[in-house]
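Here the structure comes first, spelled out in structure tokens, and everything after it is commentary.
The values are calculated or read from the model by the stated rules, or taken from the named source; none is laboratory data. Given the structure is predicted, the values throughout are model-derived calculations rather than measurements. All Cβ positions, even for glycine, are placed from backbone atoms using ideal geometry, and neighbour counts span all protein chains on display. These accessible areas exclude ligands, DNA and RNA; they are computed on the full protein's heavy atoms, side chains included. Shrake-Rupley method; radii C 1.70, N 1.55, O 1.52, S 1.80 Å.
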Amino acid sequence: MNSLYGYIRTVKQYLATPKGSHDAKDYGRAVLLIVMTIGVVLAILMGMKGRL
């Protein structure tokens, strides 16, 4: 359990650095774009469901 706390502390320290905060924003943006793309594709497939 102590190793888990160590990992969490390390991630917090990394995110406190300029590079870490920049990386976190980039990863967050990438995840948001992926989720939005999946949502659009699912909406299109659901819309086409009645036409097939």
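The figures follow:
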read-out	value
Count of residues meeting criterion [open to solvent by less than 90 Å² (accessible area, probe 1.4 Å) and in a helix (DSSP H, G or I)] in the range 1-16	7
Any pair with Cβ under 7 angstrom, 6 or more apart, that starts in the range 9-29 at a residue that is without any contact (Cβ under 8 Å) to a residue 40 or more places away in the chain and ends at one that is open to solvent by 50 Å² or more (accessible area, probe 1.4 Å)	Gly20/Tyr14; Ser21/Leu15; Ala24/Leu15
Count of residues meeting criterion [open to solvent by 100 Å² or more (accessible area, probe 1.4 Å) and among the polar types (S, T, N, Q)] in the range 17-48	0
